[in-house]
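Student: Got a structure here, written out as structure tokens. Questions coming.
The values are calculated or read from the model by the stated rules, or taken from the named source; none is laboratory data. Fair warning: this is a prediction, and the values are worked out from it, not measured in the lab. FYI the Cβ positions are ideal-geometry reconstructions off the backbone, even for glycines, and counts take in every protein chain you see. All accessible areas refer to the heavy atoms of the entire protein, side chains included, with ligands and DNA or RNA removed. Shrake-Rupley method; radii C 1.70, N 1.55, O 1.52, S 1.80 Å.
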Amino acid sequence: MRKLLHVVNINNFFPELFALTSPTIRSYAERNGYMINMITERKFPDYPINYEKMQVYEDGKDAEVNILCDADMLIHPQFPDVTTFLQRDSIAFNDNYNISWKYHVDRIRYFMRDGRDVGIATNFVVSSDWTHDVWKPLSLSQKDIEDLAKKENTDGGGAEGRGWGHYADEFALSYNMAKYGLKYTGVTWEDWMRPFLIHTGTGDKNEALQIAKQTLEEWSRL
């Protein structure tokens, strides 16, 4: 089985944090037979940098399993291979929200037809060869996505001052899930499973480093 684990790290973003998270990601990959695909170059320069996650569509087209893992994610040393508990007919993600909180989904027939109102947080996403369409780059432009964004829901303009259009990757995956009617499940859906995947975030760099160091210290005592 060909299994790929993709990590976006363009322009060596936040190297102090990645030095802490990357060993846990590599250990998971080596332990469970995943090849790591480090995405370091832009192929969608007209979109926010997060949209580069859509490179998984081309890079992972020959794989049976693809995982997208954010560079600011810590993976617990006892976290099992996702193929042992996830179904091939569903995509899986670690967090979600109502996509209508961020975008005017009532303007898009796929979201209206789908009716589930699910937005995918893209910090850890799993797909199979059956559900690979979730990564398909959109025909919509960045301006189209910006026009659909609910500006009133931004927190002072959103990340990097770009509003919710900055989250084009989350919109794209959520759009494809609705368009293709893909089934979905969680990755760590029970409370006891949540510590297996720790997303530090990068909004507050000092806090992110503190979370990473504290988490690794706790894990070292296991």
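Student: Rounded to the nearest 500, what is the 222 nm mean residue ellipticity of the chain from helices alone, with -39500 (n - 2.57) per DSSP H run of 4+ residues and division by all residues?
Tutor: When only DSSP H runs of four or more count, the value is -8500 deg cm²/dmol.
Student: Keeping every protein chain present and rolling a 1.4 Å probe, give me the accessible area per residue for the chain in Å². Walk me through the numbers on the way to the answer.
Tutor: Working: 10880 Å² over 222 residues.
Here the per-residue accessible area is 49 Å².
Student: Got the relative contact order for region 74-149 handy, in percent, Cα pairs under 8 Å and 6 or more residues apart?
Tutor: 38
Student: Of all DSSP beta bridges located in the chain, what percent are antiparallel, nearest 5?
Tutor: 50
Student: With Cβ to Cβ distances under 9 Å as the rule, what net charge do the other residues near T131 carry (K, R +1; D, E -1)?
Tutor: -1
Student: Then there is this: If you fit an axis through the alpha-carbon atoms of helix 15-32 and take the longest principal axis of the Cα set of the chain, what angle between them do you get, 0 to 90°, nearest 10?
Tutor: Roughly 80 degrees, rounded to the nearest 10.
Student: Report the net charge of residues surrounding E30, where surrounding means a beta-carbon distance below 15 angstrom and charges are Lys +1, Arg +1, Asp -1, Glu -1. Intermediate values should be presented prior to the final figure.
Tutor: On the way: positive: K3, R26, R31; negative: D81.
Cβ neighbours under 15 Å give a net charge of +2.
Student: May I pose another question? Using only the alpha-carbon atoms, how far is helix 205-220 inclined from the longest principal axis of the chain? Give it as 0 to 90 degrees, nearest 10.
Tutor: The two axes meet at around 40 degrees.
Student: In degrees between 0 and 90, to the nearest 10, how far off the longest principal axis of the chain does helix 168-179 point, with axes built from Cα atoms?
Tutor: 70
Student: Pull up all non-local amide H partners of K150: gap of 5 or more, or a different chain, and H-to-H distance under 5 Å with H placed in the peptide plane.
Tutor: For K150, the qualifying residues are Y103, H104.
Student: Moving to a separate point now. Percent of accessible area on the chain owned by carbon and sulfur, 1.4 Å probe?
Tutor: On the chain, the fraction of accessible area on carbon and sulfur atoms equals 48 percent.
Student: Please report the relative contact order for the chain, taking Cα pairs under 8 Å with a sequence separation of at least 6, and give it as a percent rounded to a whole number.
Tutor: 25
Student: Please list E207, E30, E41 in order of solvent-accessible area, largest first, computed with a 1.4 Å probe with all protein chains present. List each step's numbers first, then the result.
Tutor: Values: E207 100, E30 150, E41 125 Å².
Putting E207, E30, E41 in descending order of accessible area: E30, E41, E207.
Student: Another question about this same structure. Scan region 78-108 for trypsin sites (Lys or Arg not before Pro) in coil per DSSP, keeping those whose Cβ has at most 13 other Cβ atoms within 10 Å, and list them by number. Please report the intermediate quantities before stating the final value.
Tutor: Numbers: sites: R88, K102, R107; in loops: R88, K102.
Sparse-neighbourhood loop trypsin sites (Lys or Arg not before Pro): R88.
Student: Let me ask another. Any chance you could run the full-extension gain for E30 through S141? It's 0.36 nm times the residue separation minus the Cα-Cα distance, nm to one decimal.
Tutor: 36.2 nm
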